[in-house]
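Notes follow once the structure below has been shown.
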Amino acid sequence: MKVLTAAQMRDIDRRTIDSGTPGIVLMENAALGVVEALAARYAPLAQQRIVIFCGKGNNGGDGLAIARQLLMRHCTPRALTVILAAEPQDLTGDARLNLDMLTAFGIPIHRAVDTDMRRATLVIDALLGTGLDGPAHGPALDFIHEINNGFPDARIVSVDIPSGMPSDNAAMEGEVVRPHLTITFTAPKISMVLPPNCDRVGELVVAPVGSPP
């Protein structure tokens, strides 16, 4: 089984983009892969109450694209909530494009969790990706704690890597999302196959991003 460091994953993405596949297409393919995995495990998605937590980086951009794909394929706006752990103006590049596309659907972007959201049956963690250096902090850390403790009826799904988990080693610093399912891209990252983290990712699914699933 191929296992990648964060730097190797960035290099694969860079070479794919340099060969002619735009970054926004890679993000869209990643979102499609996640939605396919969700549909295979939690069908019918139309009957789920879904909350998606998004950060300001590419992992958050994946989450925003996932929200749009869920709306296009499976869910009504009333069944889907998007929470952003940043000011909208802090998003740049492909993440910003996906925020703009999602808001064009008329979907409100929330900055906090309310009582009704806690009734969710499916929570998607797209807060922090493989570029994390050190323990999570600030709003992302607050939302990691919310994901772990605030949704008693929900299955938790992490996008690429559980937020707060280091990518390249098994050392644990600070709180990490505890998912039932992790959908990673291209190949597992080193921390996912080393103890104790290999037991903290839940079911591990690998989704391709170089071409549509």
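The values are calculated or read from the model by the stated rules, or taken from the named source; none is laboratory data. Given the structure is predicted, the values throughout are model-derived calculations rather than measurements. Here Cβ is always computed from backbone atoms with ideal geometry, including for glycine, and neighbour counts include all displayed protein chains. Surface areas here come from the heavy atoms of the whole protein model, side chains and all, with no ligands, DNA or RNA. Shrake-Rupley method; radii C 1.70, N 1.55, O 1.52, S 1.80 Å.
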Carbon and sulfur %, accessible surface of the chain computed with the full protein complex present, 1.4 Å:
52
Compute the length gained on full extension between Gln47 and His110: take 0.36 nm times their separation in residues and subtract their Cα-Cα distance, giving the result in nm to one decimal.
20.5 nm
What is the packing order of peptides 120-132, 12-24, taking the mean over residues of other C-beta atoms within 10 Å and listing the highest first?
120-132, 12-24
Using Cα-only point scatterers and the Debye equation, what is log10 of I(q)/I(0) for the chain at each q in 0.16 Å⁻¹, rounded to two decimals?
-1.03
Neighbourhood charge, 15 Å Cβ-Cβ cut-off, centred on Pro44 and excluding it, Lys, Arg +1 and Asp, Glu -1
+3
Show me 140-151, 157-168, 30-41 ranked by packing, highest mean number of other Cβ atoms within 10 Å first.
157-168, 30-41, 140-151
Let me check I've understood the local charge: for Ala112, count other residues with C-beta under 15 angstrom from its C-beta, Lys and Arg +1, Asp and Glu -1. What total comes out?
-3
Using 0.36 nm times the number of residues separating Leu194 and Asp90, minus their current alpha carbon distance, what extension gain do you get?
34.1 nm
In nanometres, what is the gap between the two model label sites at Ala39 and Asn149, each 7 Å from Cα along Cα-to-Cβ?
3.7
Report, in order of residue number, the helices in the chain meeting two criteria: a C-alpha extent of 15 Å or more along the helix axis, and a mean Kyte-Doolittle hydropathy of at least -0.5; treat each whole DSSP H run as one helix.
23-42, 58-73, 93-103, 138-149
Pop a pseudo-label 7 angstrom from the Cα along the beta-carbon direction at both Arg73 and Thr121 and give the gap in nm to one decimal.
1.9
All other residues with a Cβ under 14 Å from the Cβ of His145 taken together, and with Lys, Arg as +1 and Asp, Glu as -1, what is their net charge?
-2
Per-peptide average of other Cβ atoms within 10 Å, ordering 56-67, 99-110, 179-190 highest first:
56-67, 179-190, 99-110
Pairwise FRET efficiency - Leu204 versus Asp133, Cβ, R0 = 22 Å, nearest 0.05
0.45
Could you tell me the distance between the Cα centroids of segment 64-118 and segment 167-213, to the nearest Å?
23
